[in-house]
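Peer 1: Once you've had a glance at the structure underneath, I'll fire off some questions.
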Amino acid sequence: MPFINGAGEAVVVTTDALGRQVSTTLPFYVTSSLLQQGLADFSVAAGALRRDYAVRDFAYGPGVAAGSLRYGLTDYFTLESHAEAAGSLGLGGLGGNLRVGNFGVLNTALSQSRFEGRSGQQLSLGYQYNNRWLGFNYQRLERHGDYADLSLVDSPYIRLSQRSEQVTLSLNLQRYGSLGRATSTCAPPTTRARACSTSAGASRCGATAACTCRPTATWTTASGRCRRSWWCPSTCTARWP
């Protein structure tokens with residue numbers, strides 16, 4: 001059975017007793033981020049944080065736990081919640097995914113954390129659309145105060161970025177392959193510097209190897225200039241059938 005994702009059309013053909021046929025076209029939008037009305041799913045995880053991965057054996061930190069719950073309020077809107085806990089961390093968040101007819105899915109979430117006596121908030125907003133030919137995704141994340149999650153537990157010298165933004169665009173060329181482009185920006189937590197990266201690539205089914213060169217750029221307020229460089233794999237060979 002084929003996997004269906006994004007916008008499409010279903011054609012229903014009915015035949016009466018005299019052999020006359022009537023075709024009806026029904027547009028639809030399918031996404032895995034939504035649940036049918038009345039359905040729910042959840043996940044729970046608990047354990048100890050891994051230390052010195054691939055360096056030492058049996059090195060573990062403090063115990064932590066995390067859980068998520070999703071519930072389909074309607075066929076168009078799914079409510080989401082998430083929680084994380086550790087000895088010095090408490091985090092809770094609420095969000096949702098809304099299908100905008102056949103024009104994609106909007107998502108938003110707000111979470112609050114308290115870590116070692118300091119609190120903060122995180123707000124996310126995004127949009128996603130897919131059809132047979134085109135895929136588009138936008139996601140923006142903003143953090144305020146001293147927001148923290150499980151990634152900061154047992155890592156006292158790390159802080160999360162203040163803002164991040166990501167845009168991806170892909171084009172399906174059917175048997176000729178696909179084209180894609182992604183751009184992301186990130187604002188560090190302690191400076192006004194802005195980091196930006198962009199990548200573009202092409203692929204085709206049946207290629208024995210793929211080669212993608214990515215231009216990267218970084219802005220700093222000290223110089224006000226943008227330094228651009230290209231990164232390519234050390235070996236770049238692609239043979240098409």
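The values are calculated or read from the model by the stated rules, or taken from the named source; none is laboratory data. Keep in mind that this is a model prediction, so the values were computed, not measured. All Cβ positions, even for glycine, are placed from backbone atoms using ideal geometry, and neighbour counts span all protein chains on display. All accessible areas refer to the heavy atoms of the entire protein, side chains included, with ligands and DNA or RNA removed. Shrake-Rupley method; radii C 1.70, N 1.55, O 1.52, S 1.80 Å.
Peer 1: Which distance in Å, rounded to a whole number, links the C-alpha centroids of region 113-158 and region 42-64?
Peer 2: 22 Å
Peer 1: Residue farthest toward the positive end of the dipole of region 84-158, with Cβ of Lys/Arg at +1 and Asp/Glu at -1: which of His144, Pro156, Ala85?
Peer 2: With unit charges placed on the Cβ atoms, the residue in question is His144.
Peer 1: Here is a further query. So if each residue of separation counts as 0.36 nm, and I subtract the Cα-Cα distance between Glu165 and Ser119, what length gain in nm does that give?
Peer 2: Working: separation 46, 0.36 × 46 = 16.56 nm, distance 2.27 nm.
Length gained between Glu165 and Ser119: 14.3 nm.
Peer 1: To the nearest 10 square angstrom, what accessible area does Thr14 show with a 1.4 Å probe?
Peer 2: 80 Å²
Peer 1: In whole Hz, with x marking every Gly and Pro, tabulate ³J(HN,Hα) for region 108-122 from phi via Karplus 6.51 cos²θ - 1.76 cosθ + 1.60, θ = phi - 60°.
Peer 2: Per residue, the Karplus-derived 3J(HN,Hα) values read 8, 7, 10, 9, 10, 10, 9, 9, 6, x, 10, 10, x, 10, 9 Hz.
Peer 1: Averaged per residue, what accessible surface does region 39-122 expose to a 1.4 Å probe, in Å²?
Peer 2: On the way: 5110 Å² over 84 residues.
Value returned for region 39-122: 61 Å² of accessible area per residue.
Peer 1: Is the shape of region 15-165 best called rounded, prolate or oblate, per the rule: a/c under 1.5 gives rounded, else a/b larger than b/c gives prolate, else oblate, with a ≥ b ≥ c the square roots of the Cα gyration tensor eigenvalues? Present the calculation step by step, with values, prior to reporting the outcome.
Peer 2: Values: a/c = 2.69, a/b = 2.33, b/c = 1.15.
It is prolate, given that a/c is not under 1.5 and a/b is the larger ratio.
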